[in-house]
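*Asks:* Starting off with a structure, shown below.
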């Protein structure tokens, strides 16, 4: 709907962060930048950081129905500041904040994938975020803290409707250097980045006229920044894997346009007890074992051997359904995956989510 | 090889080019007027529908509130709690850039996708769309305009400009122009909803919520209605557009009827020239018949001739009509803007249907005009056809039947008027029946009048005068038609002038009565509140104040203006109650849930004192007792008066549009006005004297009737051509008679004088014949048409001056038309003329 970002002569615009960048393109002046590690305070930092240009609340999860039907879901709410300062106005509608959100559900049994996106201004109560009580919403899509301290997540589109409760099983972990996640060499091309790697998740999913009682685990990624990728970076591959021994692994591989993996790529390992270990590019090995070509254009990796030898991890990662590409304004692949392999020589299995940006064919601008 | 008869036809037409030209001109002008009015109406209608299409988009329904609009949190709740997606908020108002009146529409680009394509259009404007979206959303005053509109205002993307929104000057910046090939957006200033709220001072309020409900989503409407707080209503979008358009239907129908009048006059003109051409060719017709050409062949020949004339004339008329349409469109659009709704029309949309109408009308009129003369002229036995006298004799014998037919048609018109109730089209049809009926009676009138006048003429002007008068009566077959054409045109001027004159007098009376206060103040900047009213009331020299607030109530079947009045003691006299005693009405009106309704409102809704009307209030629909009907010629005619107290009980609207100021007897209004204008504070007042408002009111009135003036002058022009053609015909036909007179010793001056006297007489007779028809037409226009179209009741005032000047107009027109034929007849060489056969 919104923007003619994928111009014919432009580089493939491909990731939500690039959309964010496009929306807030140009001058960084007036925005805060992620230059140094900072102190994180919760629940305050669950709330918005409007002095930074971009921010997102990224929840993914793997769920099973009572009779064992497998589902995956994603609900991401993005905040973008169009200008550093909010214009003064008597009108509640005047704002510099734009929110957009993606909601996707993967139905493994039917090998189906359903995705939707929405936009709203961060004003007039239509979309916004608040720290205490924590709440981020866009129209009736929302993630919000309940009095119990658990979170409620609700989203819907057409005949898909998800409503689940998220109970954090681990404290937030800070990625990168104490939460400062460098994305490319230039100072300031970084974000503040934390995750809550495991939520016990229970609720209901309505799909195509059926309603399922679902349970499983979810993952929250939180990032805010003003600029992130460098011009020579094409996109990233992001892995958020929850293993059955209670540990969780996050890896992001930033891809350069020349096909190599950027030195700033990194990851975080969170043990079952919540203790986190950060590791760098040279500790990560990724081999692509399969590829998938989107019917909408572009070829994605579709299977990986992922190893972090320093942690004794050697994993095979496979998509649950091949086509989990979000055909949103900016296309990317974000899907549920199965994990198998070994940790310290012992067999381990798990589930997770993988995000692949920068592979898609740019979307033709559609007239609505 | 062209058959002999066609060659004969061509030869004749070639020898009489002026006659051909006049017939063509007559029809062409008639067709031009029809086409022009049709195009102007259709263009205005189309422009309105297109602009509504751009505004309404794919919305099937609209959520509307009371006059104060909708609290914006209703929209937020529908989105965040009800999860409704195909809805979009709109804040709309009036704006003006330079002299251009426009609609300001404030939208939320993120909500537009399901309803309108502004967002896509904005993204399509080329180049980098991002800064444009950012500017549109975050910059106060950022607007987009349609490219043609921006060009006509000499604005380019990036230009800053001044505009007036709701009477207050604002600064805008054009951030982009939208492509607009279909001219749908020409009347719009599109801004972010925040900008619209800021400019309109409508913080916290929406004008409406547009909703798209898919046809197969059955429960959706009920769910939406259930989710709305009381006081908000859901109306069908298409019905709302139609209701708006319907407001102007009466106006447009009247214009079409006036254009038909011009064609009707044109039709007589064709009849005139065809009968004459037939007369001229009676020797030829006789000969052809004697040679064995059948009557059917002859009739088809004459009709074919007319059809060709009609075709040529229609083609000319259509071209002329398109050009004239451009001029009329301005007038039509201005009247519609004054009276009904905002419409921006930049150019005439040339509709094939309008052109086809013109073609059919032109050829049809030519054929209809030729049919009777053709049938008649070919009906004689060949030998008789040669004799001119036979024809006149026949015309004379037909006279009683023609007159009887005329009377029957007039009777039928009366019946139509009586039985057709409130139907406007039937009323107009009756007008045309009256015209036809009178036309058929006119020849008898000419005969009787000329017979009666002949002795008088001899006594006054001698033999020449007597001959002139008798000549008119004796050549009824043609002069009759000329008289009719002119009489119709003149009667139309009488009818319309009397109607407009009566109407204007009524409006003047009404304005004088309504404007009771000495001064009227409205906000030039800021808004009027109770404190300000109290301040004005305590000003030196102010005896009393009244206030008024006018808001629109929208219902499925149209719009009502609700006027909330806080009366001063002197205000009551300003409202003329038609059907109730003021003393019985006003106390109840002040305290109860009761209203006084305007005459047009009562007429259109069929309500009378004692009934109740249901109005959508801020707290839901509510019934109000109708206490009386009041006279109003207000442009927004469908008004309901309610006391301020009652209004405050039912509407959350503390706005005040204007303050009526009654000045102390010993104070001078201009001093008080000056003091009010100089007041300090956030609100600046614009103060107008009652004389100023009265003049402004009459100005709107006069503007509305400019187009009426234009149309009847055109009809008169056609009639003038008709008389000219008839005079030329008479002169030509009587060439031998005149030559004889010349040979007998009459001077060219005497011949010219005789012909001039004849045409003058013809004009006089037309004028006299037009009097009764004109007065009857005026009566029908005032009592039937105005009432049916607008609901107004107007007292008919016949100004003798109008009647006298109309008769004079007829005489002058006829004399002017007679100048050239008379001059030509005088100059003709008697010898040549007599040798013609």
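*Asks:* Checking the conditions here, which among A:148, A:91 is without any contact (Cβ under 8 Å) to a residue 12 or more places away in the chain, within 14 Å of chain B (Cβ to nearest Cβ) and outside any strand (DSSP E or B)?
*Replies:* It is A:91.
*Asks:* Please note which helices (runs of 4 or more DSSP H) are completely contained in region B:138-249 and include at least 1 residues that are away from chain A (no Cβ under 14 Å) and buried (at least 22 other Cβ atoms within 10 Å of the Cβ).
*Replies:* B:147-152, B:237-247
*Asks:* Does region B:647-664 hold any residues that are at pLDDT 90 or above and part of a loop (DSSP other than H, G, I, E, B), and which are they?
*Replies:* Correct list: B:664 only.
*Asks:* Quick one: count up the residues across region B:82-110 that are farther than 23 Å from residue B:554 by Cα and either away from chain A (no Cβ under 12 Å) or without any contact (Cβ under 8 Å) to a residue 60 or more places away in the chain (or both).
*Replies:* Residues in region B:82-110 being farther than 23 Å from residue B:554 by Cα and either away from chain A (no Cβ under 12 Å) or without any contact (Cβ under 8 Å) to a residue 60 or more places away in the chain (or both): 8 in total.
*Asks:* Out of the residues in region B:43-75 meeting the condition of being touching a strand residue (DSSP E or B) at 6+ places or on another chain (Cβ under 9 Å) and at the interface with chain A (Cβ under 9 Å from one of its Cβ atoms), tell me which one is farthest from residue B:199 (Cα to Cα).
*Replies:* B:75
*Asks:* Also, quick follow-up: Just checking, which of A:306, A:329 is in contact with a helix residue (DSSP H, G or I) (Cβ under 7 Å, 6 or more places away or on another chain) and surrounded by 14 or more Cβ atoms within 10 Å (Cβ to Cβ)?
*Replies:* Of A:306, A:329, the one residue that is in contact with a helix residue (DSSP H, G or I) (Cβ under 7 Å, 6 or more places away or on another chain) and surrounded by 14 or more Cβ atoms within 10 Å (Cβ to Cβ) is A:329.
*Asks:* Go through region A:55-78 and count every residue that is more than 14 Å from every other protein chain (Cβ to nearest Cβ) and buried (at least 21 other Cβ atoms within 10 Å of the Cβ).
*Replies:* 15
*Asks:* Kindly indicate whether residue B:278 is modelled with pLDDT under 65 and either on the phi < 0 side of the Ramachandran plot or over 23 Å from the mean Cα position of the chain (by Cα) (or both).
*Replies:* no
*Asks:* Further question on the same structure: In this structure, is residue A:84 in a loop (DSSP other than H, G, I, E, B) and either within 14 Å of chain B (Cβ to nearest Cβ) or within 27 Å of residue A:326 (Cβ to Cβ) (or both)?
*Replies:* yes
*Asks:* Additional query: Can you say whether residue A:109 is modelled with pLDDT under 95 and facing chain B (nearest Cβ under 10 Å), as far as the supplied structure shows?
*Replies:* Spelling it out, it is not the case that residue A:109 is modelled with pLDDT under 95 and facing chain B (nearest Cβ under 10 Å).
*Asks:* Being at pLDDT below 95 and within 14 Å of chain B (Cβ to nearest Cβ), is that true of even one residue in region A:334-357?
*Replies:* no
The values are calculated or read from the model by the stated rules, or taken from the named source; none is laboratory data. Model, not experiment: these values are computed from the prediction. Cβ: placed from backbone, ideal geometry, glycine included. Neighbour counts: every protein chain shown.
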